[in-house]
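Nothing in this text is a laboratory measurement; each read-out follows from the coordinates by a stated rule. The shown structure was predicted, so the numbers you read here are calculated from the model rather than taken from an experiment. Cβ: placed from backbone, ideal geometry, glycine included. Neighbour counts: every protein chain shown.
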Amino acid sequence: MAPAPRMATVGSMVEVYDLDRRSLDEQERRTGTLLDVEPARVVSHDGDLLSIETTLPTADAWPWFTDPALLSRWWVPEAATDIRTGGAYRFSWPEAGWTLTGTYLVVEPPHRLAFTWSWDHDDLPPRRVDVGFGGAEEASKVSIRHAYGNEEERDGYRDGWLHFLGVLAETIGDDS
């Protein structure tokens, strides 16, 4: 029996995606209850830009995307960041032998972060990622726009962001 798929989104109804499926229209879902926040969702995938939104159970989501100690709790085992326009980042997954690097293009705490995205194991050109932050007293809306070149690349980014935004919401919820 295959292991159950990992949780990919959170919300009043947690959606679990079978990450082996690639079609946006054919994903099979199971539901359960986790946190009282909106689930992460794909807003659009027009042209060459994937847009995903979620609401996180924290008033300040910014440090979860910029502080290496917090990044390592939900996304990347090893992180180094130089959070300034023109600064660099390096995220490493030593067990997989992967490294993601890029340059910060826009740094406007706590509202906007934009950066290039380049895997060391891919021959793809660097992609641009824009992350927008908005919030209220108890929650932060996070919008991610990730450029892509083809459907396979789009689907990989979609699956990754949905999965890791779920991990992030769960991690923040555990801290509450």
Completion exercise
Low-density loop GluC sites (Glu not before Pro), the range 118-176, at most 15 other Cβ within 10 Å, DSSP non-H/G/I/E/B, are 137, 138
Completion exercise
About its Cα centre, the range 85-172 carries a charge dipole, from +1 on Lys and Arg Cβ atoms and -1 on Asp and Glu Cβ atoms, whose size in debye to the nearest 20 is 360
Exercise for the section: Would you mind calculating the relative contact order of the range 74-176 from Cα pairs under 8 angstrom and at least 6 residues apart, reporting the percent as a whole number? Expected result: 17
Fill in the blank from the handout: If each part is reduced to its alpha-carbon centroid, the range 95-121 and the range 46-65 end up apart, in Å, by 14
Completion exercise
Exposure proxy check on 140, 44, 51: fewest-to-most Cβ neighbours within 10 Å is 44, 51, 140
Exercise for the section: Quickly work out the residue 124-to-residue 90 label distance, labels modelled 7 Å from Cα along the C-beta direction, and quote it in nm with one decimal. Expected result: 2.2
Completion exercise
Ranked output for segments 87-94, 160-167, 58-65 by mean other Cβ atoms within 10 Å, highest leading, reads 160-167, 58-65, 87-94
